[in-house]
1. Going 7 Å from the Cα of Q86 in the Cα-to-Cβ direction, what parts of region 18-61 have a backbone nitrogen less than 15 Å from that spot?
2. In region 1-69, what chymotrypsin sites (Phe, Trp or Tyr not before Pro) fall in a loop by DSSP, with at most 13 other Cβ atoms inside 10 Å?
3. Starting from the Cα of R3, move 7 Å in the Cα-to-Cβ direction to define the label point; list residues of region 21-38 whose amide nitrogen is under 13 Å from there.
4. Roughly how many Å² is the accessible area per residue of the chain, as a whole number, for a 1.4 Å probe?
5. D for the chain, whole µm²/s, Stokes-Einstein with Kirkwood Rh over alpha-carbon pairs at 10 °C and 1.306 mPa s: what number?
6. For region 56-108, which whole percent of the accessible surface, found with a 1.4 angstrom probe, sits on carbon and sulfur atoms?
7. I want the local charge near Q95. Using Cβ-Cβ distances under 14 Å, sum +1 for each Lys or Arg and -1 for each Asp or Glu among the other residues.
8. Just for the chain, what percent of DSSP beta bridges are antiparallel, to the closest 5?
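The values are calculated or read from the model by the stated rules, or taken from the named source; none is laboratory data. As the structure is a prediction and not an experimental result, all values here were calculated from the model. Heads up, the Cβs are rebuilt from the backbone with ideal geometry, glycines too, and the neighbour counts pull from every protein chain shown. We work out accessible area using only protein heavy atoms, side chains counted, and drop any ligands, DNA or RNA first. Shrake-Rupley method; radii C 1.70, N 1.55, O 1.52, S 1.80 Å.
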Amino acid sequence: AGRVEWLERRWGRRDTSLCWEIAIGLLPSWRGRGVGTLAQRELVRYLFTHTRVERVQATTDPENRAEIRCLEKVGFQLEGRVRRAQWRGGRWHDQLLFSLLREEFPLHTEPGQAAGT
């Protein structure tokens, strides 16, 4: 169906300022089925369960409405726009920065269950 991955990000120079940034890529035939939401929710659950980070973040193109909806369903909050952050297709593109904090994510819901249901 595709892939999810996580990358280490640091805010400042200290080892105590580590967070994870997640990313996803789905094959076109799997889009629009909820697979991306489920995969990203379970990746966040894994990262908060098995690491000590306080924050998970994600970025996406402002025109990627499907990914924006997906991140919001998982519980991510928009923090802002990072201007001209990505070189793609011969020009610079803005990115939207989303984050989810440990205290905002319900670790004890059943896998695949939407938060709050």
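1. 21-27, 57-61
2. W11
3. Answer for region 21-38: 23-27.
4. Numbers: 7700 Å² over 117 residues.
It amounts to 66 Å² per residue over the chain.
5. Taking Rh from Cα pairs, D becomes 106 µm²/s.
6. 46 percent
7. Working: positive: R9, R81, R83, R84, R88, R91; negative: E21, D61, E63, E67, E79, D94.
So the environment of Q95 carries a net charge of 0.
8. 90 percent
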